[in-house]
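Encoded as C-alpha cells, the structure appears first; notes follow it.
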Amino acid sequence: MEANGLGLKGFPELKNDTFLRAAWGEETDYTPVWCMRQAGRYLPEFRETRAAQDFFSTCRSPEACCELTLQPLRRFPLDAAIIFSDILVVPQALGMEVTMVPGKGPSFPEPLREERDLERLRDPAVVASELGYVFQAITLTRRRLAGRVPLIGFAGAPWTLMAYMVEGGGSSTMAQAKRWLYQRPQASHQLLRILTDALIPYLVGQVVAGAQALQLFESHAGHLGPHLFNIFALPYIRDVAKRVKARLLEAGLAPVPMIIFAKDGHFALEELAQAGYEVVGLDWTVAPKKARERVGKTVTLQGNLDPCALYASEEEIGQLVKQMLDDFGPQRYIANLGHGLYPDMDPEHVGAFVDAVHRHSRLLRQN
C-alpha cells in the first residue's frame, strides 16, 4: 500500500478484511457473513431502482449495478459485497440471445439443439471484450465501497451455463441438456471447453477490475449424479481454478480466494474440496458437521442456512444461526444462506440473520 492509503488502481484501503481472512483460512475475531442474492427484489429500494428497466439493460449499466450492489450494505453490516450481474451474460457474450421473462426467469429463444449450432457461438477469446460493462461496474463499485468490505466477482460454471444454453431456460429435469451428455458427449465436451475458455479471461478481468474474491456457481450440479458430474462438471471446475490462478500469477497480480458453490452437489464434497478452491459453499441439505468431516481442515466452508428459515420469527432465526455456528465451528467458516434470498423475504429478518451471526460468533469465541 502506498502512503496515501490507496492501493492498486488507486482503490481505497480495505477496512474490514474478515471475509478474506476466513476465506484464506486465517483466524478471525468473528464469523463473517454475506448472502447470495443480497442485492435483490426483497429490498424495496431494489424494486424502485429496477422498476422501469429490462433486467439485462440493468446488468449493462455500471451505474445501476453499482447502486444495486451497495443497497444491502446501507442496510446491513455485511462482511462482503457481491457485484450485481448475472451468470448468463457469458452466453450473451458468446452471441446467444437471452431474455428475462417476468415470473418465468431466463429464456433463450434459440437454444442449442444440434451439434452444428455450436458454430453460431463467437470465439471465446472475444468474450471478455464483450463484457467490459461488468468490469466497469466492478471498478466503480470498488471505488464507491471506499474500503468498507471486499467485493466478490462471480461467474456460472461451464455445466450450469451449458444446461441453460441447451435447455433454453430453467427446467426441473434438464433433460435436453442431459440428453446431450449421453448422446453427444464429444459435442458436450467441445461446448464445455468453449465455456471454460471464455470464463478464464472473464474471471481474471474481474480481478484486474477490482474483484477481491471470485465465486463459481455450479447451480445445476444436482441434475447430475456422481458419474456425470465427474465427467462433465468437475474437470472444468478444476480447470477454471487452475487456469485463473496461473493467469493471475503470470500477470503479476496477487491471488484472490476462490469459492465453488455446487448446489445439491453433496455427492461430490470431497472432490470439490480438492478442486483448487479455498472455499466450498454448501446448500442447506448438507449437515455442517458431516461436511466438515468429509472435506477436512484444508478448506473454508461457506453456508448454509435454509433461505426459508428467514420466514421464521427473529427469535427463531437467532436460535437456528446459533446451532449452525456451533456445528461449523468458529474458524475456517463464512456464514451464508444455502441459496439465494427470495423476493418475498422481510429485510428485517435478513438483518436479524446478519446480526445473529455476528453476535453468536463473538460469544462462541469467548467460551
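The values are calculated or read from the model by the stated rules, or taken from the named source; none is laboratory data. Because the structure is a prediction, the values reported are computed rather than measured. Using ideal geometry, Cβ is built from the backbone for each residue, glycine included, and neighbour counts are taken over all protein chains shown. In case anyone asks, the SASA skips ligands and DNA or RNA and just uses the protein heavy atoms, side chains included. Shrake-Rupley method; radii C 1.70, N 1.55, O 1.52, S 1.80 Å.
One line per residue, one yes/no per condition, for (1) under 30 Å from Arg193 (Cβ atoms); (2) hydroxyl-bearing (Ser, Thr, Tyr); (3) open to solvent by 20 Å² or more (accessible area, probe 1.4 Å); (4) not in a helix (DSSP H, G or I):
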residue	(1), (2), (3), (4)
Phe46	no, no, no, no
Cys65	yes, no, no, no
Leu78	no, no, no, yes
Ile87	yes, no, yes, yes
Gln92	yes, no, yes, no
Q.
Residues that are outside any helix (DSSP H, G or I), open to solvent by 20 Å² or more (accessible area, probe 1.4 Å) and in contact with a helix residue (DSSP H, G or I) (Cβ under 7 Å, 6 or more places away or on another chain): does the stretch 128-139 have at least one?
A. no
Q: Give the number of residues within the stretch 19-44 that are assigned to a loop (DSSP other than H, G, I, E, B) and basic (Lys, Arg).
A: 2
Q: Tell me which residues, restricted to the stretch 272-291, are part of a helix (DSSP H, G or I), without any contact (Cβ under 8 Å) to a residue 40 or more places away in the chain and touching a helix residue (DSSP H, G or I) at 6+ places or on another chain (Cβ under 7 Å).
A: Ala273, Lys289, Ala291
(Q) Of the residues Phe135, Phe154, only one is among the aromatic types (Phe, Trp, Tyr), more than 27 Å from Gly168 (Cβ to Cβ) and at pLDDT 95 or above; which? (A) Phe135
Q. Looking at Leu269, Leu191, Leu199, Leu214, which is the one that is more than 23 Å from Pro91 (Cβ to Cβ), open to solvent by less than 40 Å² (accessible area, probe 1.4 Å), touching a helix residue (DSSP H, G or I) at 6+ places or on another chain (Cβ under 6 Å) and not in a loop (DSSP other than H, G, I, E, B)?
A. Leu269
(Q) Suppose we keep only residues that are in a helix (DSSP H, G or I) and in contact (Cβ under 8 Å) with a residue 12 or more places away in the chain within the stretch 292-307. Which one would you say is farthest from Glu27 (Cα to Cα)? (A) Pro307
(Q) Report every pair of residues separated by at least 6 positions or lying on different chains whose Cβ atoms are under 8 Å apart, first residue within the stretch 313-341 and at negative phi and in a strand (DSSP E or B), second charged (D, E, K, R) and open to solvent by 10 Å² or more (accessible area, probe 1.4 Å). (A) Leu337/Asp306
Q. Going by the structure shown, is Glu45 acidic (Asp, Glu) and within 20 Å of Gly147 (Cβ to Cβ)?
A. no
Q. Looking at (1) assigned to a loop (DSSP other than H, G, I, E, B); (2) of a type outside the set (A, V, I, L, M); (3) open to solvent by 50 Å² or more (accessible area, probe 1.4 Å); (4) under 30 Å from Pro257 (Cβ atoms), which is the one condition that is false for Gly147?
A. (3)
Q. Given the structure, is Leu161 assigned to a helix (DSSP H, G or I) and surrounded by fewer than 24 Cβ atoms within 10 Å (Cβ to Cβ)?
A. no
